[in-house]
Amino acid sequence: MADDRPTVYTTTWCPYSRSLVNDLRYFGVAFDEVDVDADDEAADLVRSLNGGDRVVPTVVYPDGSHDTNPDGAEVAGKMGLVASDPA
């Protein structure tokens, strides 16, 4: 996994995960995707970030911060690809 891109924790069956992945591709965000159903360590990490709940999508940024259920524009903005909304 690249150190300069976010890691997006998803499942194949979650519509919010699929939507975020599609949005990130639309915004041109390079990211690593990890399916928590296929990776027990990833599932444990997601639980540790979300108060014991395995909530997807969870995004971990290169600086170590994370977001749960962000939208694609929010992630793109944090990665410097979309100007943030001044509102």
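A few points about this structure:
- Qualifying position, being part of a helix (DSSP H, G or I) and either open to solvent by 30 Å² or more (accessible area, probe 1.4 Å) or touching a residue at least 60 places away in the same chain (Cβ under 8 Å) (or both), among Glu33, Glu41: Glu41
- Segment 3-24: number of residues that are more than 14 Å from Ala38 (Cα to Cα), open to solvent by 10 Å² or more (accessible area, probe 1.4 Å) and within 12 Å of the chain's Cα centre (by Cα): 7
- Residues that are at pLDDT 95 or above and aromatic (Phe, Trp, Tyr), drawn from segment 12-69: Trp13, Tyr16, Phe31, Tyr61
- Residue check for Val29: under 19 Å from Gly64 (Cβ atoms) and out of contact with any Lys or Arg (no Cβ under 9 Å at 6 or more places or on another chain): no
- The number of residues in segment 55-80 that are free of Cβ contacts under 8 Å to residues at least 60 places away in the same chain, open to solvent by less than 50 Å² (accessible area, probe 1.4 Å) and in a helix (DSSP H, G or I) comes to 4.
The values are calculated or read from the model by the stated rules, or taken from the named source; none is laboratory data. Note that the structure is a prediction, hence the values are computed from the model and not measured. Note that each Cβ is placed from the backbone with ideal geometry, even for glycine, and that neighbours are counted across all protein chains shown. Calculation scope for accessible area: heavy atoms of the full protein, side chains included, ligands and nucleic acids excluded. Shrake-Rupley method; radii C 1.70, N 1.55, O 1.52, S 1.80 Å.
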